[in-house]
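Structure, as structure tokens:
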Amino acid sequence: MEDGLDPEGCEADEHLIRETEKIAVALGRMFPGLCEVVLHDLRDPEHAIRAIENNLSGREVGDSATELGLLRIADPRYPGVVQNYPNRFPDGRPAKSTSIGIKNRAGDYVAALCLNLDVSVLSPVALTLDRLVATGTEHPDEPPESLGERTARELRTAVETHAARRGGTPRTLSRDAKRELVRSLHRDGYFASRDAARTIADLLGVSRATVYNYAR
């Protein structure tokens with residue numbers, strides 16, 4: 001052994017990094033144009049980048065380690081996985097990043113596998129989906145119509161949801177709130193269901209006659 005180096009240890013570290021490089025390449029090719037995958041060789045912080053797939057940051061093989069990589073080099077106790085932290089590409093695009101430290105047999109960090117997801121690509125998709133499933137109504141607290149006959153379960157859910165939005169249970173609603181709820185249920189077609197009035201009366205803790213009175 002020369003200059004304190006362990007040839008077997010160095011060879012084992014190199015093998016570990018080569019195997020990790022396979023994972024980096026495979027992950028990058030699974031998410032083309034979406035997720036940058038970078039393998040850092042922390043044994044050489046000045047030229048740490050060993051491989052880069054889906055290059056979204058403009059870095060190159062041989063570039064230096066990041067601040068996080070330097071922290072791992074300095075402290076083997078640094079967390080092995082830093083998950084889903086906010087990041088940003090040089091051109092300003094937002095990213096979600098995960099960094100996985102790779103330790104050798106001696107417990108030292110020798111590599112880091114980093115994933116940088118370009119969330120700017122996904123944000124418009126998420127917004128489009130939100131708009132697609134959104135419903136516009138002048139009465140946001142209650143559905144404006146039914147696409148079929150209301151079931152007893154739907155009726156119970158509607159009553160309990162109405163009460164929960166007002167911070168209570170169906171039986172603790174005020175008389176005015178109960179009247180408002182019954183009229184809303186009547187307007188939305190719940191009274192077409194069999195025994196709807198009896199179900200509503202039981203949920204609100206009032207008589208069936210009171211339910212019909214509220215519905216007028």
query: Is region 109-120 home to any residue that is part of a helix (DSSP H, G or I), among the hydrophobic types (A, V, I, L, M, F, W, C) and either open to solvent by 20 Å² or more (accessible area, probe 1.4 Å) or on the phi > 0 side of the Ramachandran plot (or both)?
result: yes
message: For a quick check of your reading of the model, give me the residue pairs whose first member lies in region 66-89 and is under 12 Å from ILE100 (Cα atoms), whose second is open to solvent by 80 Å² or more (accessible area, probe 1.4 Å) and charged (D, E, K, R), with beta-carbon atoms closer than 7 Å and at least 6 apart or on different chains.
response: ASN84/LYS96
task: Would you please list the contacts, defined by Cβ atoms under 7 Å and residues six or more apart or on different chains, that run from a residue in region 198-210 that is open to solvent by 70 Å² or more (accessible area, probe 1.4 Å) to a residue that is of a type in the set (A, V, I, L, M)?
output: ARG208/ALA197; ARG208/ALA201
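Could you tell me which of the residues GLU14, GLU19 is out of contact with any strand residue (DSSP E or B) (no Cβ under 7 Å at 6 or more places or on another chain), surrounded by fewer than 13 Cβ atoms within 10 Å (Cβ to Cβ) and among the charged types (D, E, K, R)? Steps first, answer last, please.
Values: GLU14 fails: surrounded by fewer than 13 Cβ atoms within 10 Å (Cβ to Cβ).
The conditions single out GLU19.
The values are calculated or read from the model by the stated rules, or taken from the named source; none is laboratory data. What you are looking at is a predicted structure, and each value in this text was computed from that prediction instead of being measured. Because the Cβ atoms are built from the backbone with ideal geometry, glycine has one as well, and the counts that use them run over all protein chains shown. SASA here: full protein model, heavy atoms, side chains in, ligands and nucleic acids out. Shrake-Rupley method; radii C 1.70, N 1.55, O 1.52, S 1.80 Å.
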